[in-house]
Amino acid sequence: MKQRFMISLQNRLALTYALFIGFALFVLTLIINIFTGLIFTTLIKGNIAGETSEIIRAMGEQYNPMSRSFDAVAIEAVGMHFVHEGYIITVEDERGGLVWDARSCDMKECMTVINEIAGRMNGQFGMSGEMRRDQYPVRYAGRTVGTVTVETYGPYFYSETEGAFLASVNRLLIAAAVILMAAGFVISVMLSRAIARPVNKSAEAARQIAQAHSGSTNGKPPVVRIDDHYQTKELAELAFSINSLAAELEEAERRQKQLSSDIAHELRTPLTCLQGDVEAMIDGVYKPDREHLESCHEEIIRLAGLVNDLNTLTSLEWENLTLHKTEFDLADLLRITAEQFKAAALEKGIAIQLRLVESPVAADYDRLKQVFINLLSNAVKYTDTGAVTVTVEKAANPGAEWEVSVADTGIGIPEGDLPRVFERFYRADKSRGRGTGGAGIGLSIAAAIVLAHGGTITAESGGGGSVFKVAL
Ligand code: ADP
């Protein structure tokens, strides 16, 4: 595979989850921050308004209606108290005369308080503001008796306690975000690992299967399976598919090896005979007369037939068998096929009987002919007395339309061999093949063709002979 920059599935998932969790946390923290800020600011503004009302009320209390003047000493005491809270106060009487002014009283203390508040707001909370002055009338018994000017850091400011409280809320929020982020990261890694591990395992298994079946492992290829049981449907399906693939490949490989050894075995016998005959003629043991040459020719014919059969079987089993269907009468096909065996049957002294009814089908004519040739050739081959009967009739089985049977009165097939006669290279009696020239391929070919037509083929045998039934 061409190596481009690639990120592993686990890392990609982990990164995606982490980014998502990070983003969600960031938005959440931002929203909480904005809301707490808004609530806190409303609260602070309320506090400042309350303090201002308290200043006006306290100053009013220092008014003496008798002397129509303020108690300057008490005002200073109250005023200095509020200076420490961040309120720089100036009090004037009803005529506009200055009663008390915080700056004139203690300029140094006023500046210290103002600088401290400005430092806190600017430095700690990043809020730049400026001093603002507001004037309020001082009332006594419903009458305006003076004016209070309140100077504060604006638009609002936090007292020392409020500042400390807000700072600890912010710290708490950051700590919570960091802890949640770390937890989110751990969860991302665990989650991505849980998903990526089975996928990686499947990929590794597929790679091993490919390696095992490409022959790059020396000796016997290892049996590759995914044994884990996954709860996730798709992952379980993936593991199942890979296991099935491995099993199918192993089976295909086993069949291929079996086929090679079967072919080698089948070719060896006629070749050995040929070799023996030819060598004997070369060495002068036999004369290359007609009899010996005919024996060689027979072996060559047998070999050619075997190779031909193998070729047909391979193309049926391994290539996509395409059927060229036409409409024809099965009875006609059977009649023509039986005709070909008449001479051979006559020679053996057996009869071929036909019980045919008109039976139209849509099927591959040539392929079906091959099926009946194989069945009839067996019937004639394995029968020495009696008859071979070919029948076509309406199928009793609802899954098929016509049933063709080829029955003979020959040697029959032992019951134990019946289920296996359609296997490749299977011969009911190993010694029979030599005498009759069969290699055990004819019925496999017939079965493959019938199967490709969606039909069934069965073999029965009991007492006198065998019956092969093809349902189409
Ligand atoms: P072969 O070329 O050996 O005949 P087949 O695949 O056609 O191969 O048949 C497989 C085996 O089934 C045969 O070797 C034979 O033992 C048995 N067989 C098939 N047809 C008959 C039959 N009509 N009567 C008896 N035995 C049969």
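For the residue pairs K325/K469; K233/K257; K325/K381; K325/K394; K287/K381, alpha carbon separations beyond 25 Å are given by K233/K257; K325/K381; K287/K381. Between the Cα long axis of helix 72-85 and the first principal axis of the chain there is an angle of about 20°, rounded to the nearest 10. For the chain, the longest principal axis of the alpha carbon atoms and the long axis of helix 107-119 meet at an angle near 10°. Taking only the Cα atoms of the range 1-59, the radius of gyration and Dmax are 25.4, 88 Å. Taking Cα atoms only, the orientation of helix 160-214 departs from the longest principal axis of the chain by about 10 degrees.
Taking a quarter of the surface of the Cα convex hull of the range 243-394 gives a mean projected area of 13.6 nm². Taking trypsin sites (Lys or Arg not before Pro) across the range 88-119, the ones in a DSSP loop with at most 11 further Cβ atoms lying within 10 angstrom of their Cβ are R95. Element breakdown for the chain at a 1.4 angstrom probe: carbon and sulfur atoms account for 58% of the accessible area. Taken per residue, the accessible surface of the chain reaches 59 Å², heavy atoms only and a 1.4 Å probe.
Taking the inverse of the mean 1/r over every pair of distinct Cα atoms in the range 297-356 gives a Kirkwood hydrodynamic radius of 14.8 Å.
Dividing the helix sum by the residues of the chain, where each DSSP H run of 4 or more adds -39500 (n - 2.57), gives a mean residue ellipticity at 222 nm of -20500 deg cm²/dmol. Close amide H pairs (under 5 Å, H built 1.01 Å from N) link F70 with N64, residues at least 5 positions away or on another chain. Taking the square roots of 5 times each eigenvalue of the Cα gyration tensor of the chain, largest first, gives ellipsoid semi-axes of 115, 27, 15 Å. Computed on the chain, with alpha-carbon pairs under 8 angstrom and 6+ residues apart, the relative contact order is 9 percent.
Based on C-alpha pairs under 8 angstrom that are at least 6 apart in sequence, the range 148-290 has a relative contact order of 14 percent. Kirkwood radius, the range 9-180, all distinct C-alpha pairs, inverse of mean reciprocal distance: 18.9 Å.
Phi angles of the range 322-336 translate, via the Karplus equation with coefficients 6.51, -1.76, 1.60 and θ = phi - 60°, into HN-Hα couplings of 9, 9, 9, 7, 9, 9, 7, 9, 4, 4, 4, 4, 5, 4, 5 Hz per residue; Gly and Pro are given as x.
Need the list of aspartates and glutamates near K348 for cross-linking: C-alpha distance under 19 angstrom, and skip anything on the same chain fewer than eight residues off. Cα-Cα hits under 19 Å: E339, D384, D408. Convex hull volume of the C-alpha atoms in the range 320-471, normalised per residue: 109 Å³. Simple point charges give the picture: +1 on the Cβ of Lys and Arg, -1 on the Cβ of Asp and Glu, and for the chain a dipole about the Cα centre of about 440 debye.
The values are calculated or read from the model by the stated rules, or taken from the named source; none is laboratory data. Since the structure is predicted, the reported quantities are computational estimates derived from the model, not experimental observations. Quick reminder, even Gly has a Cβ in these numbers, built from the backbone with ideal geometry, and neighbours come from all protein chains shown. Quick note on the areas: whole protein, heavy atoms, side chains included, nothing else; ligands and nucleic acids left out. Shrake-Rupley method; radii C 1.70, N 1.55, O 1.52, S 1.80 Å.
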